[in-house]
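Below: one structure, written as structure tokens.
All of the numbers you see were taken from the coordinates with simple rules; none came from a lab. Nothing here was measured: the structure is a model prediction, and the numbers come from that model. As a convention, Cβ positions derive from the backbone with ideal geometry for all residues, glycine included, and neighbour counts pool all protein chains shown.
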Amino acid sequence: MLFFNKISKSRKLLWFKTTVITAMAASVLAFSYGPAAFADTSKLNTIYQVYVNGTYIGNITDKSVVNNLMDEQVDQEKSFRDDDLTFTQQVFPSSVNNQKTIQTMKDTFQLQAEASAIMIDGAPVVYLETKEAAEDVLQQLKFSFVTAGQLKELEERKLQENPSLPALKENETRLIDVELSKNVSIEEKNIAPEKIMSAEDAVKYLQKGTLEEKKYRIQEGDVLETIVQKNHLKMADVLKINPGLTEDTLIKIGQEINITVPKPFIEVIVDKEVNQKEVLPFANQVIEDSSLPKGESREKQQGQNGSRQATYFITEQNGSAVKKELKSQQIEAQPINHIVVKGTKMIPSRGEGSLAWPAVGGYVSSKQGYRWGKMHKGIDIARPSDRTIKAADNGVVVSAGWGGGYGNKIVIDHQNGYRTLYGHMSSLKVTAGQVVSKGTAIGIMGATGDATGVHLHFEVFKNGKLVNPLSYLK
């Protein structure tokens, strides 16, 4: 198969026959003369007949034609060995077509190079010039996730029989194993020289599945979600490969984003032990006390975090943790619970601390705030399913009667810093000084006072200060 060998400083280049198989003991490109006798000697020419492994290729007028072809195919390297070529010339009549002979050589033979292929699960994926270069690529893959020092220490430890491993120190990491996710081997192959990669490109190709990142330029009307859908990607993947980009990022026309989601041919699996100093958070504990009024609470004990030294067995695949198990722990300080005592004693005149909706259904027809040029102090509740008005919490009725613009008005002191006001009622069911429980009917919704329709005007005061009822109603 082979007819020409050329040795270069970096690799061996080989010519391989692609259409004709001819077995010969030596690999020689031969130039020889034609037949010894000719019928017509009126026109004599000096030509060369080209044979490859005994196969006749054609005639040429100058052996440099073939040399130029070889120079072109092997990147202009011209250091041929003398014993690779033999030239014999003869003067005889014959027709010559240099271009046809050269094309025949190109069609019949293919230049290939000896290379080392990195095989993944039995299939060649990348080609390097030497076995050493291929082995270096595999090392560089691992160095993306572990240091050279860590890998060296691991390899030395594996040479020992039953090595004794000391306990990890605080925040220390120790490798247990580093391996590749698929079956990998290195084999010698003959391939086209242009398929041989540099070590840097080979590492990138194995990690990402491509050598070129595809970019998308933002156009008018684009939003991130449509770009993701248009390119058949996942939002999480696009955000991961574009640091700083979020779903809420304002993208601009002309801006470029990376849309090349890595599809690695192989991944690096790292097993390691990791020691971490961790905070043990305190728990919140509530103790009920029947001697304390409901709605009141007091802190019995402040919370305090604890700490521990924890050793984990972690498995990472291309830097992402896929497994994490607690191997051992050493408690340095136990956490101290935060304890709160909560009252449960029911006092009819004292509020529980939460305000119930004061109507039977309905909706907020007007919120607190400026309205018609003046402050609307509370909220208006209209269109209930039942016009009964109820006490928002336990308390004592402070006043019950006419309140000017409020019409029929009730004010309840809940004895815990809160007061509530109910206005525009058509009738009242309680009197001043009366103790009421949460949910007790205190009146009927109406339109008395400065009201344009049937509704309840409801206000809330906390420690004498007007607050927004919607922030306190449950």
**Complete:** One finds, for Glu187 and Lys252 with R0 = 60 angstrom and r their Cβ-Cβ distance, a FRET efficiency to the nearest 0.05 of 0.75
**Prompt:** Here are some pairs, Lys390/Lys462; Lys182/Lys234; Lys195/Lys240; Lys345/Lys429; Lys208/Lys324; Lys204/Lys230; which of them have Cα atoms lying more than 21 Å apart in this structure?
**Reply:** Lys182/Lys234; Lys195/Lys240; Lys345/Lys429; Lys208/Lys324; Lys204/Lys230
**Prompt:** How are the C-alpha pair distances of region 301-350 spread across 10 Å bins, as whole percents from the shortest bin up?
**Reply:** 19, 23, 21, 17, 11, 8, 1
**Asked** Amide H to amide H, which residues 5 or more places from Asn408 or on other chains are under 5 Å from it, using H placed in the peptide plane?
**Response** Gly403, His424, Met425, Thr448, Gly449
**Message:** Suppose each label sits 7 Å from its Cα in the direction of the beta carbon; what would the Val286-Ser471 distance come out to in nanometres?
**Reply:** 2.3 nm
**Item:** Per-residue Cβ neighbour rank within 10 angstrom, fewest leading, His232, His338, His414
**Value:** His232, His338, His414
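Determine by what factor the alpha-carbon radius of gyration of region 218-363 differs from 2.2 N^0.38 Å, reporting the quotient. Before the final figure, lay out the partial values.
Values: Rg = 27.2 Å, N = 146, 2.2 N^0.38 = 14.6 Å.
Against the empirical 2.2 N^0.38 Å value, I get 1.86 for region 218-363.
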**Item:** Under the Karplus curve 6.51 cos²θ - 1.76 cosθ + 1.60, θ = phi - 60°, whole-Hz ³J(HN,Hα) for region 126-142, x wherever Gly or Pro sits
**Value:** 9, 10, 10, 5, 9, 5, 4, 5, 5, 5, 5, 4, 5, 5, 4, 4, 5
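Return Trp402, Trp357 ranked ascending by Cβ neighbour count within 10 Å, so the fewest neighbours appear first. Write out the running numbers ahead of the final one.
On the way: Trp402 12, Trp357 16.
Going from least to most buried by this count: Trp402, Trp357.
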**Request:** Enumerate the amide H contacts of Ser399 below 5 Å, restricted to partners 5 or more residues apart or on another chain; note that Pro and chain-start residues carry no placed amide H.
**Result:** Val411
**Request:** Fewest Cβ neighbours within 10 Å first, please rank Asp237, Asp248 accordingly.
**Result:** Asp248, Asp237
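Give, in whole angstrom and from largest to smallest, the semi-axes √(5λ) of the equivalent ellipsoid of region 359-471, with λ running over the eigenvalues of the Cα gyration tensor. It would help to have the intermediate numbers written out before the result.
Numbers: eigenvalues 76, 55, 35 Å².
Ellipsoid semi-axes (Å, largest first): 19, 17, 13.
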**Prompt:** With each pseudo-label sitting 7 Å past Cα toward Cβ, what's the Asn162-Leu211 distance in nm, one decimal?
**Reply:** 5.2 nm
**Asked** Taking the simple approach of a point 7 Å from Cα along Cα-to-Cβ for both Val398 and Val454, what is their distance in nm?
**Response** 2.9 nm
**Request:** Starting from the amide H of Asp289, placed 1.01 Å from N in the peptide plane, find each other amide H under 5 Å away whose residue is 5 or more places distant or on another chain.
**Result:** Lys342, Gly343, Thr344
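Given R₀ = 51 Å, what would the calculated FRET efficiency be for Asp136 paired with Ile336, taking r from the Cβ atoms and rounding to 0.05? Provide the component values of the computation, followed by the final result.
Details: r = 55 Å, r/R0 = 1.08.
Between Asp136 and Ile336 the formula returns 0.40.
Rounded to the nearest 0.05, what FRET efficiency do Trp357 and Lys462 give with R0 = 22 Å and r taken as the Cβ-Cβ distance? Could you check?
Working: r = 18 Å, r/R0 = 0.81.
With R0 = 22 Å, the Cβ-Cβ based efficiency is 0.80.
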